[in-house]
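The values are calculated or read from the model by the stated rules, or taken from the named source; none is laboratory data. Predicted model only: the values in this text are computed from it and were never measured. Using ideal geometry, Cβ is built from the backbone for each residue, glycine included, and neighbour counts are taken over all protein chains shown. Protein only, heavy atoms only, side chains kept; ligands, DNA and RNA dropped before computing areas. Shrake-Rupley method; radii C 1.70, N 1.55, O 1.52, S 1.80 Å.
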Protein chains: 12
Amino acid sequence: MSNHHTYKKVEMVGSSTTSIEDAINNALAECNKTLKNMDWFEVTETRGHIVDGAVGHFQVTLKIGFKIENS
Amino acid sequence: MSNHHTYKKVEMVGSSTTSIEDAINNALAECNKTLKNMDWFEVTETRGHIVDGAVGHFQVTLKIGFKIENS
Amino acid sequence: MSNHHTYKKVEMVGSSTTSIEDAINNALAECNKTLKNMDWFEVTETRGHIVDGAVGHFQVTLKIGFKIENS
Amino acid sequence: MSNHHTYKKVEMVGSSTTSIEDAINNALAECNKTLKNMDWFEVTETRGHIVDGAVGHFQVTLKIGFKIENS
Amino acid sequence: MSNHHTYKKVEMVGSSTTSIEDAINNALAECNKTLKNMDWFEVTETRGHIVDGAVGHFQVTLKIGFKIENS
Amino acid sequence: MSNHHTYKKVEMVGSSTTSIEDAINNALAECNKTLKNMDWFEVTETRGHIVDGAVGHFQVTLKIGFKIENS
Amino acid sequence: MSNHHTYKKVEMVGSSTTSIEDAINNALAECNKTLKNMDWFEVTETRGHIVDGAVGHFQVTLKIGFKIENS
Amino acid sequence: MSNHHTYKKVEMVGSSTTSIEDAINNALAECNKTLKNMDWFEVTETRGHIVDGAVGHFQVTLKIGFKIENS
Amino acid sequence: MSNHHTYKKVEMVGSSTTSIEDAINNALAECNKTLKNMDWFEVTETRGHIVDGAVGHFQVTLKIGFKIENS
Amino acid sequence: MSNHHTYKKVEMVGSSTTSIEDAINNALAECNKTLKNMDWFEVTETRGHIVDGAVGHFQVTLKIGFKIENS
Amino acid sequence: MSNHHTYKKVEMVGSSTTSIEDAINNALAECNKTLKNMDWFEVTETRGHIVDGAVGHFQVTLKIGFKIENS
Amino acid sequence: MSNHHTYKKVEMVGSSTTSIEDAINNALAECNKTLKNMDWFEVTETRGHIVDGAVGHFQVTLKIGFKIENS
């Protein structure tokens, strides 16, 4: 058995009308449809667009790390 | 009609006793009194002061982009 | 009486299963057991680990500034 | 006469369908309607949106420095 | 219908013998063969190699954001 | 009465033939003519031009934060 | 024949119990199973976890650039 | 005798009503009460608060490196 | 039992005449005398001094994260 | 024959009244008078001064890498 | 006559027992022995070593820009 | 005798087929042919090119500081 693993990071932007945490979970839920072994995330940018003078959507950029199968 | 627009960014600090999202919306609400056409925001700093060993206020610095009228 | 003060910053990582704000307050609560005069905090990193395709814990790195006693 | 001057920087986003240089000049032309004494610019971000698989608009963020009148 | 979307960013390096803008469009054209819904790009690095004391190729690194289908 | 405030930051460049501290105070003095409630500053760049092989002017870029009236 | 090429960068994390160089080569070996034309790498982060007060694994984040086939 | 040493860095904020240099020395003097073997410092931030339109205090953040005893 | 933990990061500089990895392990060994629960490290700077035109010591700055007891 | 080479980087600022690309080539042409083996460049800053409300000169800072002779 | 100029930047570290400004001027004075046409400087790092618990020398890293002769 | 010194930093890229440490020493050995008084180095970038799916050369960018003679 190998004594090391390799991980890949992908960069996603999740959005939400309600909160930063919800935007993160929305991105994770989307990735969870196709990625296995998601392990950690890192927020790299928090922004959003504005509608009628208030937050329309929070847009959170995050890197998601997952283990390569059989690595 | 012009095929391009010009935007300006201003840098604001919103605060809130309850959440980061609320601090962002407080800054937007304040700017909405005088700025038209607010389009997007970018969070550049998240900090706060501490009262009795807990968060007193969240202080969120954000840049707000808005379209210049008639640009 | 001195006309200036000296502060120290320590770097902590708080975690929470529910929110970024809660992770910050958890770190402050832990530090409050041993540090006096905590004055402000600065968020330097937001990340987390993923469990079953969703956020397991938010992990928020923050610097906490406090006044040195009698400085 | 004073032996020093004070400058202000404002942050603008110019856009153009054709080039980065044109986006910069579009932002300057817009500011020139209201600002006097524009002296220098610094590009801080270059991005754009994509239409039909090609650049739709270049969007260039720049800081513009100008001298405060009578400073 | 969902009230939010998820985007992915990929990092590409386009090159051109003539201009920075052309290098960007070359990268977009290449991605357009396999990616749908390309929405925006962000330039993160501009460099090139030198041939006979002049620019041989401009090499522009850019992140390209595109909407995840059905997200 | 509101339990939160909103601040704006403006970016200025002060100059001085004698010192960095003096360049900061020159920028503050100039802003003080038109801004109320200036609260803090952050130095973001220190540079200068050179005359006859010595410092001609120190040029200090600083962000100045001030409270929005009635926020 | 085209006079330019397009490259893609992917971000990987390699690990090793013995050295930083070995962690880099482990990540490359894993990618080599599925990627052709790997051309260069850039180290963006070096970290690791600690076991019994010593390095357990070095974890090296790197971006790997490879040429797009037929670009 | 060991052929290597280990150092620790602590992050302090010194303040002064008069100068940046004085703020640095005030932080060093405070640390000198409890730290031995202070060896070097690195300025990481220069800011201050404003009183009556002028600098009230310079606040300088610095990292101080000192050798661990017997390392 | 709490469902979250708090960590502290300290910043150390390890040195070695032979390798970067050795400098990291030297810093960890030194901290291991007084810190429990060391969990991870992050390299933030790699430098060294030069003796007779070759590396005298590698000096590696790293942040070490450890769990606060009973947090 | 050595199996490795050593390169040096120098930092130049090229200028042009017409374009960013031209400013880069102007800097390269100037360096080409005295440097051999110029291999690659990296743009680190793009700015310019403003004349009559439009770009006077583009000023592009670039690092130029060249192989040391016989290294 | 050419309508553009080329500049070179060199990176120096000046030191002084008394002030940051003096360290800058010391570096300029040293360069002035061999460089013509020094035009501007940019401070990139401020640090120093500590003697007996106080600043021994301020060490200021600066980039100095000068015009290439006949460029 | 002067109570201060001036240093210059040059930026080099060393390479090696075997290790990061070796790439650093190769750059120092090359500079040692022409530079006196080399004092310290700072690693600013670690990268390499890939041959047959493995590291071909490590390429390490470093700044080398050396004292100006008689400064």
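Label F:L35 and F:T17 with points 7 Å out from Cα along Cα→Cβ: what is the distance between them in nm? The modelled label-to-label distance comes out at 2.7 nm.
Size estimate for the protein assembly as shown follows the Kirkwood approach: the inverse of mean 1/r over distinct Cα pairs works out to 28.5 Å. A simple count of charges around B:N37, restricted to other residues whose Cβ falls under 12 Å of its Cβ and scoring Lys, Arg +1 and Asp, Glu -1, yields 0.
For the protein assembly as shown, the per residue solvent-accessible surface stands at 41 Å², with DNA, RNA and ligands left out and a 1.4 Å probe.
Taking the charge dipole of region J:7-67 about its Cα centre, with +1 at Lys and Arg Cβ atoms and -1 at Asp and Glu Cβ atoms, the residue from J:S15, J:I50, J:A27 reaching farthest to the positive side is J:A27. A DSSP coil position with no more than 14 other Cβ atoms inside 10 Å describes the following trypsin sites (Lys or Arg not before Pro) in chain B: B:K33, B:K36. For chain F, the calculated P(r) over all alpha carbon pairs, in 10 Å bins from 0 to the bin holding the longest distance, is 21, 42, 23, 11, 3, 1 percent. When restricted to Cα atoms, region G:1-40 yields an Rg and a Dmax of 13.1, 45 Å, respectively. In loop segments of chain K as defined by DSSP, the GluC sites (Glu not before Pro) with at most 15 further C-beta atoms inside 10 Å of their C-beta are K:E69. Over region L:11-67, Cα pairs under 8 Å with separation of 6+ residues give a relative contact order of 45 percent. Taking the protein heavy atoms of chain L in the context of the full set of protein chains, the accessible area attributed to carbon and sulfur is 48 percent at 1.4 Å. In sequence order, region J:54-66 has phi-based couplings of 9, 4, x, 9, 7, 10, 10, 8, 9, 9, 10, x, 9 Hz under the Karplus curve 6.51 cos²θ - 1.76 cosθ + 1.60, θ = phi - 60°, and Gly or Pro positions carry x. The L-G contact accounts for roughly 1100 square angstrom of buried accessible surface, both chains included, probe 1.4 angstrom. Between amide H atoms placed 1.01 Å from N, distances below 5 Å from C:S71 occur with C:T6, all of them 5 or more places distant or on a separate chain.
Each Lys and Arg adds +1 at its Cβ and each Asp and Glu adds -1 at its Cβ; summed about the Cα centre, chain A shows a dipole of about 300 debye.
Summing charges over all other residues whose Cβ lies under 12 Å from the Cβ of J:A54, with Lys and Arg as +1 and Asp and Glu as -1, gives -4. Within a straight-line Cα-Cα reach of under 16 Å, D:K36 can be paired with the following lysines, leaving aside sequence neighbours fewer than 8 residues apart in one chain: D:K8, D:K9, D:K63, D:K67. Calculated mean residue ellipticity at 222 nm for chain E: -5000 deg cm²/dmol, from DSSP H runs with n ≥ 4 weighted as -39500 (n - 2.57), summed, divided by the residue count and rounded to 500.
Could you calculate the FRET efficiency of L:D52 with A:A54 from 1/(1 + (r/R0)^6), where r is the beta carbon distance between them and R0 is 51 Å, rounded to 0.05? Computed FRET efficiency for L:D52 and A:A54 comes out at 0.35.
Near B:D22, within a Cβ-to-Cβ distance under 13 Å, what is the net charge of the other residues, with Lys and Arg +1 and Asp and Glu -1? Taking every other residue near B:D22 into account, the sum is -3. The aspartates and glutamates whose alpha-carbon is closer than 15 Å to the alpha-carbon of C:K33, local same-chain residues fewer than 8 away aside, are B:D52, I:E69. Chain E's nearest residue to the axis relating it to C, judged by Cβ and reported with the distance in whole Å, is E:T44, 12.
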